[in-house]
Amino acid sequence: LCVGATMFLGDRGDALDEQRKGYLNFVGTQLGTQGALRRNEDNRVTNFDQFVQAEWGFARDWSGQLGVRRSTVRFASRDNFVVGTNPDDSGSVRYSATTPVAGIVYSVTDSINVYASVGTGFETPTFNELAYRASGGTGLNFGLRPAKSRNIELGTKMLLGRQTQLNLAAFRSN
C-alpha cells in the first residue's frame, strides 16, 4: 500500500411495484381450495441512498477506511378491497437511517492483510413482513420498525497462489 487518499461518492435508488391479491384458502368445508377474494392492493416501495467512502493510506503498510450511508425507504399501499365492513387500509410508512462504518487494514505481506471494522446497520421490514398484522386484522402492519445493529469484525485475507484466496473473520452483531 502507498500513502495517499481516495474518496468515493454515490447514490442509488430503486423502486418496486406489486399487485397483491389474497384469497380465502377454502370453499365451504373444502380446505385447500381458492375461495373468495380477501385482499386486493397496489403496493410500491422506493429507496434512495447516498454514500461517501474514503480510504487513506497513512503509512507504508497501514490504511484506514471511513464511510457513511444515508438510506430512506418508503412503503405505500392502496387498498382496492374496501367492501362491507372491511375498511380502507391504504397508507404508507417511511424509514430512514444514517449508518457509519470505520475500518483499519494492516498489510503483513503483499499477500496477507489483517483488518478490523466497526459500523452500524439498518434493515427495514419487507412487504411480505408488512403484509400481516399480529392481530389478524386487515391491511399492512405499519407498526413494524426497522432492525438496527452495531457490528464489529476482525479478520484476515490471504492470497494462496494465483487462484486461491482464504478469508477468515470473526464478527459480532448486536
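Determine whether SER149 is touching a residue at least 12 places away in the same chain (Cβ under 8 Å), farther than 30 Å from ASP17 by Cα and of a type outside the set (Asp, Glu). In short, no. Summed over the range 116-143, residues that are modelled with pLDDT of 95 or more and either more than 24 Å from the chain's Cα centre (by Cα) or aliphatic (A, V, I, L, M) (or both) total 2. Of all residues in the range 66-83, those satisfying the criterion of being within 13 Å of ASN43 (Cβ to Cβ) and of a type in the set (S, T, N, Q) are SER77, ASN80. Within the range 125-146, residues that are under 18 Å from THR46 (Cα atoms) reach partners that are part of a loop (DSSP other than H, G, I, E, B) and open to solvent by 50 Å² or more (accessible area, probe 1.4 Å) with beta carbons closer than 7 Å, at six or more positions or on different chains, in the pairs PRO125/LEU144; GLU129/LEU144; LEU130/LEU144; ASN141/TYR132; ASN141/ARG133. The set of residues in the range 23-56 that are within 25 Å of ASP89 (Cβ to Cβ) and touching a residue at least 40 places away in the same chain (Cβ under 8 Å) comprises LEU37, ARG38, ARG39, ASN40, GLU41, ASN43, VAL45.
Within the range 13-32, restricting attention to residues that are among the polar types (S, T, N, Q) and either under 26 Å from ALA97 (Cα atoms) or in contact with a strand residue (DSSP E or B) (Cβ under 9 Å, 6 or more places away or on another chain) (or both), the residue that is surrounded by the fewest Cβ atoms within 10 Å (Cβ to Cβ) is GLN19. Residue pairs whose Cβ atoms lie under 6 Å apart, sitting 6 or more positions apart in sequence or on different chains, and linking a residue in the range 84-97 that is under 12 Å from ASN47 (Cα atoms) to a partner that is open to solvent by 60 Å² or more (accessible area, probe 1.4 Å) and not in a loop (DSSP other than H, G, I, E, B), are ARG94/ARG74. Of all the listed residues (ARG74, ARG78, ARG60), the sole one being at pLDDT below 95 and of a type in the set (D, E, K, R) is ARG60.
Report yes if some residue within the range 23-32 is outside any strand (DSSP E or B), touching a Gly at 6+ places or on another chain (Cβ under 8 Å) and more than 30 Å from GLY4 (Cβ to Cβ); otherwise report no. First the steps, then the outcome.
Step one: filter the range 23-32 for residues outside any strand (DSSP E or B), giving 24-25, 28-29, 32.
From what is left, the residues that are touching a Gly at 6+ places or on another chain (Cβ under 8 Å) are 24-25.
Cutting the leftovers down to more than 30 Å from GLY4 (Cβ to Cβ) gives us 24-25.
The answer is yes; a qualifying residue exists.
Looking at the range 33-53, is at least one residue in a strand (DSSP E or B), open to solvent by 70 Å² or more (accessible area, probe 1.4 Å), over 30 Å from MET158 (Cβ atoms) and aromatic (Phe, Trp, Tyr)? Within the range 33-53 (the criterion being in a strand (DSSP E or B), open to solvent by 70 Å² or more (accessible area, probe 1.4 Å), over 30 Å from MET158 (Cβ atoms) and aromatic (Phe, Trp, Tyr)), the answer is yes, since at least one residue qualifies.
The values are calculated or read from the model by the stated rules, or taken from the named source; none is laboratory data. Here the structure is a predicted model, which means the values were calculated and not measured. Heads up, the Cβs are rebuilt from the backbone with ideal geometry, glycines too, and the neighbour counts pull from every protein chain shown. To get the accessible areas, we keep the full protein, side chains included, count just its heavy atoms, and leave off ligands, DNA and RNA. Shrake-Rupley method; radii C 1.70, N 1.55, O 1.52, S 1.80 Å.
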